[in-house]
Structures are given as C-alpha cells and as structure tokens.
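Note sheet for the following structure.
Read the figures in this text as sums done on the coordinates, not as results from a lab. Nothing here was measured: the structure is a model prediction, and the numbers come from that model. Counting neighbours? That spans all protein chains shown, and the Cβs are built from the backbone with ideal geometry, glycine included.
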Amino acid sequence: MSEEPLVSVVLCAWQPRHDWFRDAVASVLADDAVDELVVVDDGSREPVASLLEDFGDPRICLVRIEHGGLSRARNAGIRAARGAFVRFADADDLLEPGGTRALLDVAGDEIVAYGATQVCDEGMKPLLVKTSKLEGRIAEPCLLYRFDVVHTSMLFPRPVLERVGEFEPALQQCQDWDFVLRACEVAPMRGTGSIVTRYRRHTASVSANLERAMRFESMVVDRYFERHPDQRGSGLEREARAKLLLVRAAMAMRVGEGRLAQLRYTVRAFTLHRRRTIEELASALRRRGTRSKS
C-alpha cells in the first residue's frame, strides 16, 4: 500500500451477519482501485477482527470504538482514512467490480462523483436500479427528493469532505441523506451510468423502520433551513414541507394510520404547494395503472 493512498473505503459494522460482512469486505478488496479499507468496529460484542483474519490484506486498517451508532462510526472512519478520495461501504452490501474506477473517471479534486446502485433482495437478486442524470450544483433537487443516489455509490474528494463536516449523530436514520445534501451544498456532482454498488434490501435494515425514518426526514429538512435562514418561508421551503407530507401520506397505510390520515396529509400538502401535490398524485396514478396492466 502506498504511503498516500488515492482511494480509501470506510466500512462500518456493528454485530454484522458474518457471511454478509465477509462478502462485503471481499468485494472491497477485490476492487483494484481501492488502496485502503478502513473497517470500523462500532463496539460489537464479538469483535469483527476475527472475521478479518483470513484476508491477510495489508490494505485493511481496523479501528474499534465504543458503540455509539453509525454516524459516530463513520466519523471515526473518515478521521482514520488517509486517501485523497473516500468512499463508504455498508457491511451487508457489495461494491461492484470496477465501480470505484468508474467513479474515479468522472471525479475531480472538487467534484463528487456518483454512480448507479443495483437494489437487490436479501439473496442479491436484482430488483431495480437507482440512478440520476443530475449534475452540477443540485442542492435543491436533493432536498426535494429528486436526486435518487445512494451515498455508498459516491466518491468524495478530501477537500469536499472537510467542507461537508461530520455525519450527524443526532440523526439515527436519514443521516446519509443529510450528509449527501450538505455535500450538494458545497460541491458540484458528476455522474456515471455505471452500476457501482449492489445494495441488499432486507427487513433488518435501518431504513425498514418507516415511522422513525419519517421523523428523521423532517429533521433533515429542518437542518437545511437552519443552514439557509434566508430561504425560510420561500417556495422552496413550502415545496419541501409539502413533499414531507406526501411521503407521510404514501406511508400512512403501511404504518397503520389509515386512509383518513392519508387524506389529511395530502390536503395539507396541497395547501402548501399545489403543483408538487398534483404532480405526485398524477405520478402515483400512473404507477398504479402500470402495475394493474402488468
């Protein structure tokens, strides 16, 4: 490993499923564009060091910390990483072969690169692809849920990371969106259509807790307007708040709130931002029509 690695990958784990964790580590080490893998053990009862013994790869740097949650673990990983570029990985997902090289091809010293994410089921059967065509300064689209990119499919230059700051420990969910949003505020984005990550969707994932997720989504929006007080009361804030209500409406049945609550959320969203509400309802109707035909 060179004294000054070009790309560091930060992978955090707490009580990981052994086979998924080892597969995740193996996928990072199989990437020849990765110079350093920082594994952060977030105080697992069974230290993950034993799961790394067979790899014997000098690129692995193991950091063990007292359990403090995902954001604190990632922050520890960023501090330990030495690379000019940093990429994040999760202990149950896989880096796509050649993905980091594809990101490097479009990255710059002040430009965050992103690629596509193959969403899979628990057995890694492909379900859908998350991607985007947005580039440049795209903080507002990101705030409005229009930048559909997963943080593990992004490559962050060190100067950008320094301006973004740390992951927010108060956000037990949606910390990824908050971090990406802050990155969009300080640096331009540039994308590649290449799939760079395979994301494992499973019920044990943090994002599966819908009720908590919606509460933390509101906190992300609150934090944005705290950073930009000049935009409070603007059309952008009304649209962002309307979108939060529409997300809540879409989830109402799944979290047991019922159709009346769903209707109330939709009416409140319409009051805040008519155009966005009509667009979202029309899109939902089109999706429903497509599913019924299939």
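Below is a table of values for the structure above.
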{"quantity": "Those strands (runs of 3 or more DSSP E) lying entirely in segment 77-157 with at least 2 residues polar (S, T, N, Q)", "calculated": "112-120"}
{"quantity": "Sole residue being acidic (Asp, Glu) and buried (at least 16 other Cβ atoms within 10 Å of the Cβ), chosen from Glu110, Glu140, Glu122", "calculated": "Glu140"}
{"quantity": "Residue that is farthest from Ala81 (Cα to Cα), among those in segment 27-65 that are loosely packed, with under 14 Cβ neighbours inside 10 Å and of a type in the set (Gly, Ala, Ser)", "calculated": "Ser50"}
{"quantity": "Of all residues making up segment 94-107, the number that are surrounded by 23 or more Cβ atoms within 10 Å (Cβ to Cβ) and either among the acidic types (Asp, Glu) or more than 15 Å from Pro157 (Cα to Cα) (or both)", "calculated": "3"}
{"quantity": "Qualifying residue in segment 155-173 (condition: farther than 18 Å from Val129 by Cα, touching a residue at least 24 places away in the same chain (Cβ under 8 Å) and of a type in the set (S, T, N, Q))", "calculated": "yes"}
{"quantity": "Subset of segment 169-181 that is outside any helix (DSSP H, G or I) and out of contact with any Ser or Thr (no Cβ under 6 Å at 6 or more places or on another chain) - its residue that is surrounded by the fewest Cβ atoms within 10 Å (Cβ to Cβ)", "calculated": "Ala170"}
